[in-house]
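Colleague: Following this message is one structure expressed as structure tokens.
The values are calculated or read from the model by the stated rules, or taken from the named source; none is laboratory data. Everything numeric here is computed off the predicted structure, so don't read it as measured data. Virtual Cβ from ideal backbone geometry, glycine too; neighbours counted across all protein chains shown.
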Amino acid sequence: MTGHSIIEGFVSVRAVLKSGSRPINTIYIRHDKRDNGVTWLEHAAADAGIPVERVAADIIDAHADGSSHGGIVALVGSRRLCDLADIAADRLAPFVAMLDGVEDPFNFGQAVRALYAAGADGLILRPRNWLTAAGVVARSSAGASEWIPTAIADTTLDAAQHFRARGLAVACAATQHAVSIYDADLTQPLFLVIGGEKRGITRSFLEQADLRLAIPYAGPFDQSLGTTAAAAVLAFEVMRQRLAAKR
């Protein structure tokens, strides 16, 4: 994950600036764009010693991949990552998630968005992942990809072994020999693995998981949910159970 990327839009640029997730080389703002968000961005960038340039609209368009930038883009460096051992190290009952094999950067960003919104303490990825598509991922995750602490593991099994040794139960979605998410105890320290759209999770990994979770349907339907929907359902059930336990 070397080189430079373009982050587009106020929400995504603000997330990078406030989280410190990446070095920011320059922020470009359309010359005539003025609102409270832009004023904050200019002041915050000045405080951080980051150059801000007012430029013509065509320069913004030339840097951006799409048209949803709203007149703001940032030239940034590689994502700063955590060591695996540092993820949720200060949590008594961590909720850590891994996205493995998600083949679409928009789906990847949406899944990260759901996980972060539901309170996941960290995100684990394999070395080949969508963080290189920083603009799409940051935009589709509404900046969550820049906020959530993130680490790399060589394989899903490596990550599972690491977190199991730290006392986390290894969980994944499954259709066979699985317990409903509403019957499983998701308040315990949890490492949740979510597979991609096509390959899903390997049978060998499913067989050694501590928890195989089923998402119940209201009626007859023989198809699995997409990655984004499954991530949201699983993560928010974890959140629901933990909030209920606190009460």
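This table checks each residue for (1) in a loop (DSSP other than H, G, I, E, B); (2) hydrophobic (A, V, I, L, M, F, W, C).
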{"position": "GLN161", "(1), (2)": "no, no"}
{"position": "ALA171", "(1), (2)": "no, yes"}
{"position": "HIS177", "(1), (2)": "yes, no"}
{"position": "PHE205", "(1), (2)": "no, yes"}
{"position": "PRO220", "(1), (2)": "yes, no"}
{"position": "LEU225", "(1), (2)": "yes, yes"}
{"position": "ARG242", "(1), (2)": "no, no"}
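Colleague: Of ALA85, ALA45, ALA57, ALA62, which residue is among the aliphatic types (A, V, I, L, M) and within 17 Å of LEU17 (Cβ to Cβ)? Break it down stepwise before answering.
Modeller: Values: ALA85 fails: within 17 Å of LEU17 (Cβ to Cβ); ALA57 fails: within 17 Å of LEU17 (Cβ to Cβ); ALA62 fails: within 17 Å of LEU17 (Cβ to Cβ).
Result: ALA45 is the single residue among ALA85, ALA45, ALA57, ALA62 that is among the aliphatic types (A, V, I, L, M) and within 17 Å of LEU17 (Cβ to Cβ).
Colleague: Without any contact (Cβ under 8 Å) to a residue 60 or more places away in the chain, over 29 Å from VAL76 (Cα atoms) and small (Gly, Ala, Ser): is that true of ALA173 in this structure? Before the answer, list the steps.
Modeller: On the way: without any contact (Cβ under 8 Å) to a residue 60 or more places away in the chain: no; over 29 Å from VAL76 (Cα atoms): yes; small (Gly, Ala, Ser): yes.
Spelling it out, it is not the case that ALA173 is without any contact (Cβ under 8 Å) to a residue 60 or more places away in the chain, over 29 Å from VAL76 (Cα atoms) and small (Gly, Ala, Ser).
Colleague: Before we move on, is PHE191 in a helix (DSSP H, G or I) and on the phi < 0 side of the Ramachandran plot?
Modeller: Values: in a helix (DSSP H, G or I): no; on the phi < 0 side of the Ramachandran plot: yes.
When the stated conditions are applied, PHE191 does not pass them.
Colleague: Checking ALA138 against (1) free of Cβ contacts under 8 Å to residues at least 24 places away in the same chain; (2) in contact with a Ser or Thr (Cβ under 7 Å, 6 or more places away or on another chain), only one condition comes out false. Which one?
Modeller: Of the numbered conditions (1) free of Cβ contacts under 8 Å to residues at least 24 places away in the same chain; (2) in contact with a Ser or Thr (Cβ under 7 Å, 6 or more places away or on another chain), the odd one out for ALA138 is (1).
Colleague: In region 98-135, what residues are surrounded by fewer than 21 Cβ atoms within 10 Å (Cβ to Cβ) and under 20 Å from ARG240 (Cβ atoms)?
Modeller: ALA117, ALA118, GLY119, ASP121
Colleague: Out of the residues in region 162-178 that are at pLDDT 95 or above and not charged (D, E, K, R), state the one that is surrounded by the fewest Cβ atoms within 10 Å (Cβ to Cβ).
Modeller: Initially, region 162-178 is screened for residues at pLDDT 95 or above, giving 162-171.
From the residues that got through so far, the ones that are not charged (D, E, K, R) too are 162-163, 165, 167-171.
Numbers: HIS162: 18, PHE163: 26, ALA165: 8, GLY167: 11, LEU168: 22, ALA169: 17, VAL170: 22, ALA171: 25.
The extreme case among them is ALA165.
Colleague: Before we move on, is SER67 over 23 Å from LYS18 (Cα atoms), modelled with pLDDT under 95 and surrounded by fewer than 21 Cβ atoms within 10 Å (Cβ to Cβ)?
Modeller: Working: over 23 Å from LYS18 (Cα atoms): yes; modelled with pLDDT under 95: yes; surrounded by fewer than 21 Cβ atoms within 10 Å (Cβ to Cβ): yes.
It is true that SER67 is over 23 Å from LYS18 (Cα atoms), modelled with pLDDT under 95 and surrounded by fewer than 21 Cβ atoms within 10 Å (Cβ to Cβ).
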